[in-house]
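Asker: Sharing a structure, written as structure tokens. Questions coming.
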Amino acid sequence: MQQFLNYIAGEHRPARAGGWLDSVNPATGDVWAQVPDSDVDDLEDAVRSARAAYDDSDWRTVPMAVRAARLRSWADAVEASADWLGEIETRDNGRPLNETQHTQIPGAAMQMRYLAGLAETIVGDTIDVRPSAFAYTVWEPVGVCALIIPWNGPLPLFFAKATAALAAGNAIIVKPAQQASAGILAATRLFDELDIPPGMVQVVSGRGSTVGDAISSHRGIGKISFTGSTETGRRIIDRAAGNVKNLLLELGGKSPNIVFADADLDRAAAGASAGIFTPNAGQACVAGSRILVEESVYDDFVERLRVRAGGIQVGDPLDPGTGMGPIATAGQFKAVQSYVELGRSEGASLVTGGRVGADVVSSTSLEHGYFVEPTLFATRDNSLRVSQEEIFGPVAVAIPFRSEDEAIMIANDTPYGLAAGLWTGDVGRAHRLARRLDAGSVWVNTYKALHWAVPFGGHKESGTGGTANGPTALREWMDAKSVVLDLS
Ligand code: TAP
């Protein structure tokens, strides 16, 4: 049994009280590793260490070019570790190896280099208030920041957010999700060889209800970047009120993928299928879980989706041929199954899928794995719970519409506003509707087209506090200070 350790003050260590949490391989249902079950004492150590590193190390005082170079070295080390880190991540949260090793980690390394470069572009403004005054702004790090990370994409989120926070000059404390901490804890080994002062990064694994809650209310932490469910985001807002923390919340979604009759329907079907099913079994905040289709091509398009969904190879995420892996956790597996039942009982008609576990995979070694078939419901009703609630699994609803207005009305009829897809051959319609969609990202004739140079953030209940990515990404980790000098 592998055990992964916390990383505090430059040391790899177990929880002070010695507790461990089991980590289950979702493809087999076996406990494959243990991670520290930390408590508030471990968090106190981490906050103390982060504060000391922020105040006393050279991180904030070295030239920007040096800070950027150190972060680029980290990016190089991450890239060189893609094989072993990707395998740990795949065992831990079930994302196919092809994705963790060949897409997520190399992509994260590129993003880290971009963010490191931004450290050299931090500039303030001069403001012409009046001839007898000189006013300018400087951007300063917040200080000690916390990153709370979900289980669906731990490593890329950690690498991107930690790099941005460090590039801005902060010291950080990271709390991964208890079900998928192994990859991040293992990645801290890279710091042993890097020129990043001990204490600038701590990783404390543990329960959300213990470590997460303590982070939210801790007065020694100035900012939290939280990625996770809207429900937990609300709780963090409440608990963070004490010292009026700066919060960046990246939350859930129920994103519409809208297909017009004038689109290239083959491409749209491939995009809609990849938007919800592959490779991560719908466990993406931006999953296109509501597929809205113009009525005149609805039956045709639903049939194309049925065929595509049926052709996805569900199975062992370590197998390079696998198209879609398991659900990452036992709790989420149960939740997805209950939504499949709910869809049926609410009256949506099951187009394809719905089977789970051993009924989906042929290998006996996987019979206790958390597998769910790509599942599609057809319904006209956007008010069903399966049409409204984030399922976070490979389950989509296909809903017909008759006009642009009706498409927009259905698309925006959700508390969320994270992302939206538009498939059309009409460029005027594409621009017109992109402006009318309540979403932080709109993708036209493509989907999940995330890029580190393009800002990303949620509208409505999908997020608040700013945007990640893009040329101003570091500003999320900094406070502006204004200085005004009277020259008279
Ligand atoms: P959550 O249950 O909200 O958990 C996310 C993180 O918050 C985990 O580290 C969790 O720790 C921690 N947490 C739980 N309770 C907490 C508390 N009371 N105080 C502070 N932290 C607490 O979400 P999840 O189920 O892991 O992830 C799925 C959700 O994340 C979906 O809604 C998805 O849309 C969203 N998501 C959003 C994005 C963006 S960019 N918008 C990206 C990825 C995922 P434990 O698990 O250890 O309890």
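Asker: Could you tell me which residue of the range 197-236 is nearest to the chain's Cα centre (by Cα), considering only residues that are polar (S, T, N, Q) and near the ligand (Cβ under 6 Å from one of its atoms)?
Answerer: The first filter runs over the range 197-236 and keeps only residues polar (S, T, N, Q), leaving 202, 205, 209-210, 216-217, 225, 227, 229-230, 232.
With the extra rule that they be near the ligand (Cβ under 6 Å from one of its atoms), the set shrinks to 209, 216, 227, 229, 232.
Numbers: Ser209: 20, Ser216: 19, Thr227: 6, Ser229: 10, Thr232: 14 Å.
Among those that are polar (S, T, N, Q) and near the ligand (Cβ under 6 Å from one of its atoms), it is Thr227.
Asker: Next question, about the same structure. Answer with yes or no whether Phe392 is in contact (Cβ under 8 Å) with a residue 24 or more places away in the chain, buried (at least 24 other Cβ atoms within 10 Å of the Cβ) and assigned to a loop (DSSP other than H, G, I, E, B).
Answerer: Considered against the rule, which asks whether it is in contact (Cβ under 8 Å) with a residue 24 or more places away in the chain, buried (at least 24 other Cβ atoms within 10 Å of the Cβ) and assigned to a loop (DSSP other than H, G, I, E, B), Phe392 comes out as yes.
Asker: Return the residues of the range 170-196 that are more than 10 Å from the ligand (Cβ to nearest atom), open to solvent by less than 20 Å² (accessible area, probe 1.4 Å) and touching a Gly at 6+ places or on another chain (Cβ under 9 Å); say none if nothing qualifies.
Answerer: Within the range 170-196, Asn170, Ala171, Gly183, Phe191 qualify.
Asker: Would you kindly identify the helices (runs of 4 or more DSSP H) lying entirely within the range 122-232 that contain at least 2 residues that are in the same structural domain as Ala9 (by TED's automatic domain parsing) and over 21 Å from Ser81 (Cβ atoms)? Reasoning before the result, please.
Answerer: Values: elements: 154-167, 182-187, 213-217.
Hits in the range 122-232: 213-217.
Asker: Is there any pair with a first residue in the range 22-50 that is within 15 Å of Met200 (Cα to Cα) and a second that is modelled with pLDDT under 95 and surrounded by fewer than 17 Cβ atoms within 10 Å (Cβ to Cβ) whose Cβ atoms are under 6 Å apart and which are 6 or more apart or on different chains, and what are they?
Answerer: Qualifying pairs under 6 Å: none.
Asker: In addition: Which is within 16 Å of the ligand (Cβ to nearest atom) and either farther than 22 Å from Ala27 by Cβ or hydrophobic (A, V, I, L, M, F, W, C) (or both), of Ala284, Ala348, Ala309, Ala358?
Answerer: Within the list Ala284, Ala348, Ala309, Ala358, the selection yields Ala284.
Asker: Check off (1) in a helix (DSSP H, G or I); (2) away from the ligand (no atom under 16 Å from the Cβ); (3) not small (Gly, Ala, Ser) for Gln332 and give me the number that stays unchecked.
Answerer: For Gln332, the failing item is (2).
Asker: Next question. Could you say which residue among Ala109, Ala80, Ala65 is open to solvent by less than 30 Å² (accessible area, probe 1.4 Å), aliphatic (A, V, I, L, M), assigned by TED's automatic domain parsing to the domain that holds Ala164 and over 23 Å from Asn246 (Cβ atoms)? Can you show your working first?
Answerer: Numbers: Ala80 fails: open to solvent by less than 30 Å² (accessible area, probe 1.4 Å); Ala65 fails: open to solvent by less than 30 Å² (accessible area, probe 1.4 Å).
Every option except Ala109 fails the conditions.
Asker: From the list Ala214, Ala281, which one is open to solvent by less than 20 Å² (accessible area, probe 1.4 Å) and either at positive phi or hydroxyl-bearing (Ser, Thr, Tyr) (or both)?
Answerer: On the way: Ala214 fails: either at positive phi or hydroxyl-bearing (Ser, Thr, Tyr) (or both).
When all the criteria are applied, what remains is Ala281.
Asker: OK, next. I'm told Gly465 meets every condition in (1) more than 23 Å from Ala146 (Cβ to Cβ); (2) touching a strand residue (DSSP E or B) at 6+ places or on another chain (Cβ under 7 Å) except one. Can you identify the failing condition by its number?
Answerer: (1)
Here is a yes/no grid of residues against (1) away from the ligand (no atom under 14 Å from the Cβ); (2) in the same structural domain as Phe277 (by TED's automatic domain parsing); (3) hydroxyl-bearing (Ser, Thr, Tyr); (4) exposed (fewer than 13 other Cβ atoms within 10 Å of the Cβ):
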| site | (1), (2), (3), (4) |
| --- | --- |
| Ser441 | no, yes, yes, no |
| Asn445 | yes, yes, no, no |
| Phe456 | no, no, no, no |
| Ala468 | no, no, no, no |
| Ala473 | no, no, no, no |
| Glu476 | no, no, no, no |
| Leu487 | yes, no, no, yes |
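The values are calculated or read from the model by the stated rules, or taken from the named source; none is laboratory data. Predicted model only: the values in this text are computed from it and were never measured. FYI the Cβ positions are ideal-geometry reconstructions off the backbone, even for glycines, and counts take in every protein chain you see. Quick note on the areas: whole protein, heavy atoms, side chains included, nothing else; ligands and nucleic acids left out. Shrake-Rupley method; radii C 1.70, N 1.55, O 1.52, S 1.80 Å.
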